[in-house]
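A quick write-up on the structure given underneath.
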Amino acid sequence: RLLAVQLQQLGIEVSRQRPLMVYLPCGVGGAPGGITYGLKQVFGDAVHCWFAEPLASPSVLLQMAAGARRQVSVYDVGLDNKTFADGLAVGQASMIAAACMQDRLAGVFTVGDSALTYYVNAAWEMLGEKIEPSAAASFAGPGWLTASPTGAQWSRHHQVDLKGATHLLWSTGGGLVPEEQFQQWLDS
């Protein structure tokens, strides 16, 4: 409910005509699943949540594609689970989170390590925000959704007008990262 109050204070309407698009970094799926569940309770069909996973570790994407009958791992499809976003490097998704998200989640997209590096730098240079690579995964969401054929297809299918949408990038941390480590990320 706090997010609803914050958006209202900023004069941001959330409705079917002015949808809220939320992009959440995702590892095992529990935290972003809980956030998605709560946002759907507050905003209903006016919110559309997307999970952002590393290209080498799309465990929730794989589990949702496989369904609830068998647990799959990124290793089962030949991925190595090695990513710059070490906080999201999860080989297997939570079966509970994947099952709960089947009819609540708008979708899942993947982000490569080079994009994570770019977004860590962009957040620092443009916003003065110190974020870790895992937190940067959500930053790819708006561009992916508004510029890709898949995003256009989703928008048409669900009759969601992205021109009036508010895009919210969920960022999960980085403020306590030691300066030396953060500088290494910026230099990579």
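The values are calculated or read from the model by the stated rules, or taken from the named source; none is laboratory data. Treat the numbers as computed from the prediction; the structure is a model and nothing was measured. Cβ atoms come from the backbone with ideal geometry, glycine included; neighbour counts cover every protein chain shown. Note: accessible area is taken over every heavy atom of the protein model, side chains too, but ligands, DNA and RNA are not part of it. Shrake-Rupley method; radii C 1.70, N 1.55, O 1.52, S 1.80 Å.
Extension gain, ILE12 to GLN71: 0.36 nm times the residue separation minus the Cα-Cα distance gives 17.2 nm. For segment 31-102, trypsin sites (Lys or Arg not before Pro) meeting the loop criterion (DSSP other than H, G, I, E, B) and having at most 15 other Cβ atoms within 10 Å: ARG69, ARG70, LYS82. Note down the net charge around GLN181, summing +1 for each Lys or Arg and -1 for each Asp or Glu among other residues with Cβ under 15 Å from its Cβ. Every neighbour counted, the sum reads -4.
In the chain, what % of DSSP beta bridges are antiparallel (nearest 5)?
0 percent
Rolling a 1.4 Å probe across the protein heavy atoms gives the chain an accessible surface of 53 Å² per residue. Over the chain, the alpha carbon radius of gyration divided by the compact-protein estimate 2.2 N^0.38 Å works out to 1.02. Any chance you could list P(r) for segment 132-174, counting all Cα-Cα pairs in 5 angstrom bins from zero, rounded to whole %? Per 5 Å bin, starting at 0, the Cα pair percentages come out as 5, 22, 24, 20, 13, 10, 4, 0. With R₀ fixed at 35 Å, the C-beta to C-beta distance from GLN102 to MET126 puts the FRET efficiency at about 0.45. The aspartates and glutamates within cross-link reach of LYS163, meaning a Cα-to-Cα straight distance under 16 Å and a gap of 8 or more places when in the same chain, are GLU13. Spatially, segment 60-107 and segment 109-182 are offset by 19 Å when compared through their Cα centroids. For segment 58-171, the residue among ILE131, GLY78, ALA66 whose Cα projects farthest onto the positive side of the dipole built from Cβ charges is ALA66. Among residues other than PRO133 with Cβ under 11 Å from its Cβ, the summed charge is -3 (Lys and Arg +1, Asp and Glu -1). As a length-normalised measure over Cα pairs under 8 Å and 6 or more apart, the relative contact order of the chain settles at 27 percent.
At 222 nm, what value in deg cm²/dmol follows for the chain if DSSP H runs of at least 4 each add -39500 (n - 2.57) and the sum is divided by all its residues, to the nearest 500? Calculated mean residue ellipticity at 222 nm is -11500 deg cm²/dmol.
For segment 165-171, putting each phi into the Karplus relation 6.51 cos²θ - 1.76 cosθ + 1.60 with θ = phi - 60° gives couplings of 7, 9, 9, 10, 9, 7, 10 Hz, in residue order, rounded to whole numbers and with x for Gly and Pro.
Highest mean packing comes first when the peptides 138-145, 164-171 are listed by Cβ atoms within 10 Å, giving 138-145, 164-171. As a rough guide to protection, the peptides 50-56, 61-67 ranked by mean Cβ packing within 10 Å, highest first, stand as 50-56, 61-67. Under a model in which nothing but the beta-carbon of Lys, Arg (+1) and Asp, Glu (-1) is charged, segment 21-112 shows a dipole of about 160 debye around its Cα centre. Summing Cβ point charges (Lys, Arg +1; Asp, Glu -1) relative to the Cα centre of the chain gives a dipole of roughly 860 debye.
Computed from backbone phi with θ = phi - 60° and the Karplus coefficients 6.51, -1.76 and 1.60, the 3J(HN,Hα) list for segment 3-8 is 4, 4, 5, 4, 5, 4 Hz; x is used for glycine and proline. Rolling a 1.4 angstrom probe over segment 1-160 with all protein chains present gives an accessible area of which 53% lies on carbon and sulfur atoms.
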